[in-house]
Amino acid sequence: MMRVLVAGGAGFIGSHTVVKLVEAGHEPIIVDNFSNSKPVVIDRLEALTGSHLTWYNADLTNREITEAIFTQEQPDAVIHFAGLKAVGESVEKPLWYYETNMNTTFNLLHGMATAETRHIVFSSSATVYGNNPIPFQEDMEAVNSLSPYGYSKVAIERVLTDTAKVADIQVGLLRYFNPVGAHPSGTIGEDPLGIPNNLMPAIASVATGRREKLYVFGTDYPTPDGTCLRDYIHVQDLAAGHVAALDYLAAHDTKVRAWNFGTGQGTSVLELIHAFEKASGLTLPIEYAPRRDGDRDAFWADASRAKIELGWTAEKTIDEMCADTWRFQQANPEGYPDGDPISRPAQL
Ligand code: UFG
């Protein structure tokens, strides 16, 4: 059993990982400032796990608060999801992105030193592969990116790697491809604030009538149907991968290791839309639009390293990703409700 501080634990991937941690017998400590999540997620997680969860409403860009939480909780490990993640917004507000994503990382590392926390797994992205040839493999150079968001992932990987050379810590760099889906209960899922940037949340907002139509960005790519190919991965598989990575670090001497979390298969924009239409029984209004700046035509993972080393593979299909997304959307057509959770935060 490990006590795991989950930074950004109320967010989309963080919340699903909290459930997997509890199921695996670990003890999560959630820290979130709810900047892109809602406090009601805590109640949903307590209902799903049937347990009382320790959580803090705290901003990890504040070093004193971060260190105080580590002193109080003495976690064995950290899962680092805390950061800003909208590519376009990062181009508009680069300093805010760098400050938030970097300072959160620095403070978590200082906190780990305070409490002698040994393990950290980081929420990285396939974006670090930039223009490398596909499929992406972990030993390719992390080079990107086209955006401050993407470059913050490269920089954080570097900070963690350099720190591990001199500190008694072990680092897992988890490079996600395109996470979608929701918990099969329909009680937790993806609920971005504002206008969704990513394809599945955009599909969901059209399906629930929050937006009128779905724009398909680019139909003239050199792909079978002309739309971009991506490696969509179910958030439940991804969440399980975090537990596998933590368990691996705890059982090995590895200092730093990167793992791709994808299925190894490309799905086009139109294929995903059609799979969602099948799952929901809806016909979505579509408008073909010009290419979006910065999009690569196609990329997917070589997912073999995670399979060999972690014994982890993505198991869920595109149809399951769509069905689970739709279940969450139907249960929460306006997204998560506002308001205070029943559960009370831990106090420093
Ligand atoms: N798309 C649409 N319409 C939309 C939204 C997206 O057609 O309304 C298309 C995009 O043009 C792209 C595909 O759907 O072809 C997937 O786009 P997403 O924004 O869902 O995903 P990306 O692959 O662009 O972005 C993901 C992650 C980022 C990461 C990036 C590069 O969300 O965190 O991969 O690795 F930076």
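The values are calculated or read from the model by the stated rules, or taken from the named source; none is laboratory data. A quick note: this is a predicted structure, and the numbers were derived from the prediction, not measured. Neighbour counts are summed over all protein chains in view; Cβ atoms, including those assigned to glycine, are modelled from backbone coordinates with ideal geometry.
With buried (at least 18 other Cβ atoms within 10 Å of the Cβ) and under 27 Å from A68 (Cα atoms) as the only criterion, which of V159, V121, V128 stands out?
Values: V159 fails: buried (at least 18 other Cβ atoms within 10 Å of the Cβ); V128 fails: under 27 Å from A68 (Cα atoms).
Being buried (at least 18 other Cβ atoms within 10 Å of the Cβ) and under 27 Å from A68 (Cα atoms) holds for just one of V159, V121, V128, which is V121.
Whether a residue is at positive phi, more than 19 Å from the chain's Cα centre (by Cα) and near the ligand (Cβ under 10 Å from one of its atoms) was assessed, and G218 passes this test. When segment 261-288 is filtered for residues that are without any contact (Cβ under 8 Å) to a residue 40 or more places away in the chain and either farther than 26 Å from A239 by Cα or in contact with a Gly (Cβ under 9 Å, 6 or more places away or on another chain) (or both), the ones remaining, listed by number, are G281, T283.
Just one of the listed residues (K153, K165) is within 10 Å of the ligand (Cβ to nearest atom), in contact (Cβ under 8 Å) with a residue 12 or more places away in the chain and closer than 19 Å to F106 by Cα, namely K153. Applying a threshold of 6 Å to beta carbon distances and a minimum spacing of six or more residues, or different chains, the list of pairs starting in segment 186-197 at a residue that is more than 14 Å from G14 (Cα to Cα) and ending at one that is within 11 Å of the ligand (Cβ to nearest atom) and assigned to a loop (DSSP other than H, G, I, E, B) reads N197/A86. The sole residue among D237, D191 that is surrounded by fewer than 24 Cβ atoms within 10 Å (Cβ to Cβ), assigned to a helix (DSSP H, G or I) and either within 16 Å of the ligand (Cβ to nearest atom) or under 22 Å from the mean Cα position of the chain (by Cα) (or both) is D237. With respect to (1) crowded, with 20+ Cβ neighbours inside 10 Å; (2) in a loop (DSSP other than H, G, I, E, B), the lone exception for G186 is condition (1).
Among the residues of segment 133-156, those identified as surrounded by fewer than 21 Cβ atoms within 10 Å (Cβ to Cβ) and β-branched (V, I, T) are I134, V143, V154.
With respect to the stated conditions, L48 is part of a helix (DSSP H, G or I) and farther than 28 Å from A113 by Cα. Just the residues that are farther than 25 Å from D324 by Cα and of a type outside the set (S, T, Y), please, taken from segment 27-58. Those that are farther than 25 Å from D324 by Cα and of a type outside the set (S, T, Y): E27, I29, V31, N33, H52, W55, N57, A58.
Filtered by the rule that a residue be among the aliphatic types (A, V, I, L, M) and surrounded by 13 or more Cβ atoms within 10 Å (Cβ to Cβ), segment 290-330 gives A298, A301, A303, A306, L310, A314, I318, M321, A323.
Being under 27 Å from L246 (Cα atoms), away from the ligand (no atom under 15 Å from the Cβ), in contact (Cβ under 8 Å) with a residue 24 or more places away in the chain and crowded, with 17+ Cβ neighbours inside 10 Å: is that true of G172 here? So that I can check it myself, show each step before the final result.
Working: under 27 Å from L246 (Cα atoms): yes; away from the ligand (no atom under 15 Å from the Cβ): yes; in contact (Cβ under 8 Å) with a residue 24 or more places away in the chain: yes; crowded, with 17+ Cβ neighbours inside 10 Å: yes.
Here the answer is yes, as G172 does meet what is asked.
Taking segment 265-300 as the range and being assigned to a loop (DSSP other than H, G, I, E, B) and in contact with a helix residue (DSSP H, G or I) (Cβ under 8 Å, 6 or more places away or on another chain) as the test, the residues that pass are L282, T283, L284, P285, G294, F299. From the list H26, H52, the one residue that fits, being in contact with a strand residue (DSSP E or B) (Cβ under 7 Å, 6 or more places away or on another chain) and either free of Cβ contacts under 8 Å to residues at least 60 places away in the same chain or not acidic (D, E) (or both), is H26.
Can you tell me which residues in segment 194-214 are of a type in the set (A, V, I, L, M), more than 10 Å from the ligand (Cβ to nearest atom) and farther than 20 Å from N36 by Cα? First the steps, then the outcome.
Here is the first cut: in segment 194-214, the ones of a type in the set (A, V, I, L, M) are 195, 199-200, 202-204, 206-207, 214.
Next, only the ones that are more than 10 Å from the ligand (Cβ to nearest atom) stay: 204, 207.
A207, the sole residue that qualifies.
Does segment 241-262 include one or more residues that are surrounded by 21 or more Cβ atoms within 10 Å (Cβ to Cβ), more than 10 Å from the ligand (Cβ to nearest atom), under 14 Å from the mean Cα position of the chain (by Cα) and part of a loop (DSSP other than H, G, I, E, B)? Scanning segment 241-262, I find at least one residue that is surrounded by 21 or more Cβ atoms within 10 Å (Cβ to Cβ), more than 10 Å from the ligand (Cβ to nearest atom), under 14 Å from the mean Cα position of the chain (by Cα) and part of a loop (DSSP other than H, G, I, E, B), so the answer is yes.
Total residues in segment 301-324 satisfying the condition of being touching a Phe, Trp or Tyr at 6+ places or on another chain (Cβ under 7 Å) and outside any loop (DSSP other than H, G, I, E, B): the figure is 8.
Among the listed residues P196, P179, identify the single one that is crowded, with 18+ Cβ neighbours inside 10 Å, touching a helix residue (DSSP H, G or I) at 6+ places or on another chain (Cβ under 8 Å) and modelled with pLDDT under 95.
Values: P179 fails: modelled with pLDDT under 95.
Testing whether each residue is crowded, with 18+ Cβ neighbours inside 10 Å, touching a helix residue (DSSP H, G or I) at 6+ places or on another chain (Cβ under 8 Å) and modelled with pLDDT under 95 leaves just P196.
Confirm whether T208 is more than 18 Å from the chain's Cα centre (by Cα) and crowded, with 22+ Cβ neighbours inside 10 Å. Taking the combined requirement at face value, the residue does not satisfy it.
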